[in-house]
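Some notes on the structure that comes next.
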Amino acid sequence: MVCGAAALLGGVLHGCGGDGGDPGGIGLEDFVRVESELHCRLSYDCCSAAALDNPFLATSKETCVQFRYGIQQARLLPTLRASVAAGRLVYHPDRMRACVDRLNGAGCAATDADWLCLFDVFEGQVPLGGECTVEHDCENWHCVKPDPDAEVGTCAPWSPDGAVCETFVECDSGRCDIFGTDTCGPRLPEGSDCVLGPDCETYNCPEDTGTCGPPLDDNGCPVDGLLLDNKTPAGSWY
């Protein structure tokens, strides 16, 4: 069995084990490769042209995998590896295997709920107030660092509506009015003026209209819809 890009891009990826224990699971050392291949394959199989107009997807399945895997291999995997070793994070190879099988089985019929199985692969062990190095470490998936270059942060509560913010990632609602009041607030209904997708309840703010549009098709595309929420892996990792 070939356990590389060709295997998953062909929709197979069965029997490829990982870094320990469960021969049917996908180990942490294989996580970023498998996630990248799955994400890129279903993106190019399922997403609309508008959704694919995204610099993080490159220009093809293959270049998407190279770009996404390269970034995660260099930036994310070493941090996850250290967190698991330090006991701040538990990674579940069996859950990753089940998630991959679920998404491969669903294909372009995958819903946001299907994609969120990636969330269950990690189990943060650090409570509020504890030290963290990445969102995954925290029980509430929210690691706040004093500056972008800091290696260590603190697991902190999400900021409530009305709190001062700089990015949508900080807010419990998932929206920071960064071009207005610089405060957290509720997402806006369809037809409201917007600047970015997270401004909208539908996660859809077309550049040509500047108003919240209808929900994007829930057609298995992993780069639109609810997966852009700040409390999901896709919204937090990249």
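The values are calculated or read from the model by the stated rules, or taken from the named source; none is laboratory data. All values reported here derive from a predicted model rather than from experimental measurement. Counting neighbours? That spans all protein chains shown, and the Cβs are built from the backbone with ideal geometry, glycine included.
Of the candidates ALA98, ALA82, ALA74, the single residue that is part of a helix (DSSP H, G or I), closer than 29 Å to ASP172 by Cβ and of a type in the set (A, V, I, L, M, F, W, C) is ALA82. Inside region 26-59, residues that are farther than 17 Å from GLY105 by Cβ, modelled with pLDDT of 85 or more and part of a loop (DSSP other than H, G, I, E, B) make up a count of 1. Residues that are at pLDDT 95 or above and crowded, with 16+ Cβ neighbours inside 10 Å within region 188-206 comprise just one, LEU188. Restricting VAL65, VAL121 to residues that are over 14 Å from the mean Cα position of the chain (by Cα) and on the phi < 0 side of the Ramachandran plot narrows the list to VAL65.
Residues considered: THR154, THR63, THR79, THR111. Of these, the only one that is surrounded by fewer than 18 Cβ atoms within 10 Å (Cβ to Cβ) and in contact (Cβ under 8 Å) with a residue 60 or more places away in the chain is THR111.
Of everything in region 110-137 that is closer than 17 Å to CYS99 by Cα and out of contact with any helix residue (DSSP H, G or I) (no Cβ under 7 Å at 6 or more places or on another chain), the residue that is modelled with the highest pLDDT is GLU123.
If only residues of region 157-177 that are in a loop (DSSP other than H, G, I, E, B) and modelled with pLDDT under 90 are counted, the one that is surrounded by the most Cβ atoms within 10 Å (Cβ to Cβ) is GLY174. Is there a residue in region 165-175 that is touching a helix residue (DSSP H, G or I) at 6+ places or on another chain (Cβ under 9 Å), without any contact (Cβ under 8 Å) to a residue 40 or more places away in the chain and not assigned by TED's automatic domain parsing to the domain that holds ALA49? For region 165-175, residues touching a helix residue (DSSP H, G or I) at 6+ places or on another chain (Cβ under 9 Å), without any contact (Cβ under 8 Å) to a residue 40 or more places away in the chain and not assigned by TED's automatic domain parsing to the domain that holds ALA49: present.
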